[in-house]
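Trainee: Before I ask anything, let me first share the structure, which is written out below as structure tokens.
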Amino acid sequence: MKRNVLALSLVILAAAGIATAGTYTIDQAHSDVSFKVRHLVSKTSGQFTEFDGTIVADFDDLDASSVAFTIKVASIDTQNDDRDKHLRSEDFFDAETYPEITFTSSKITKSGDQKFAVTGTLTMHGVAKTVTLPVAFLGKIKGPRGGTVAGWEIETTLDRKDFGIVWNRALDAGGMILGDEVEITINLETNGE
């Protein structure tokens, strides 16, 4: 009886070890990268439709964990062709010169229950800055085609001027057309081994 309990305990511990560590790739079809920025007195939203990345998650050893993420700037989509063309231009992202936005983590720490502070280098519009992103782990399940499916969410705000994206226009009545702060929401469904 004791031998069976010990064997069962070892199986459970081994399974727990497998469950807490893994390498995940982004399922673009079930993920989104969206943003909002103030325009006049409301907010205009958009998204990037092409992105990829890898998350190495080891909840028992966060030093062994990492995040690498890339967004294709030309995939920006605000459901307005003229505005998207302007956003790709030198006034904003300059997609021809700087075709990608990248993030590479350097440190991950636990910040709460299933919440993590992921610090790394965000490079956008040719400017690289150290930022800390709040990441929520949404859980994981066995996928319908095998492997593990895990979910993640990031909600943060960035100042576009920190990355040299400074275009704006003054209003006759005072104030500016665009706000500087950009609200970013990233929802990722990822596939693991």
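Trainee: Pairs of Cα atoms under 8 Å, at least six residues apart: use those to get the relative contact order of the stretch 69-193, whole percent. Spell out each step's value before the answer.
Mentor: Values: 225 pairs, mean separation 22.4, N = 125.
Computed over the stretch 69-193, the figure is 18 percent.
Trainee: While we're here: Over what distance in Å are the Cα centres of the stretch 136-151 and the stretch 86-112 separated?
Mentor: If we compute the Cα centre of each part, the gap is 26 Å.
Trainee: Residue-wise, which Karplus ³J(HN,Hα) couplings in Hz belong to the stretch 25-42, taking 6.51 cos²θ - 1.76 cosθ + 1.60, θ = phi - 60°, and x for glycine or proline?
Mentor: Each residue's phi maps through the Karplus curve to give 10, 6, 8, 4, 5, 10, 9, 8, 10, 10, 8, 9, 9, 5, 10, 6, 10, 10 Hz.
Trainee: Something else: For the chain, report the % of Cα-Cα distances exceeding 23 Å. Let's see the in-between values first.
Mentor: Numbers: 9317 of 18528 pairs.
For the chain, the fraction of Cα-Cα distances above 23 Å is 50 percent.
Trainee: Taking N as the number of residues in the stretch 111-193, what value does Rg over Cα atoms divided by 2.2 N^0.38 Å take? Walk me through the numbers before you get to the answer.
Mentor: Working: Rg = 17.9 Å, N = 83, 2.2 N^0.38 = 11.8 Å.
Ratio of Rg to 2.2 N^0.38 Å for the stretch 111-193: 1.51.
Rule-based calculations on the coordinates, nothing more; no lab input. As the structure is a computational prediction, the values presented were derived from the model and not from experiment.
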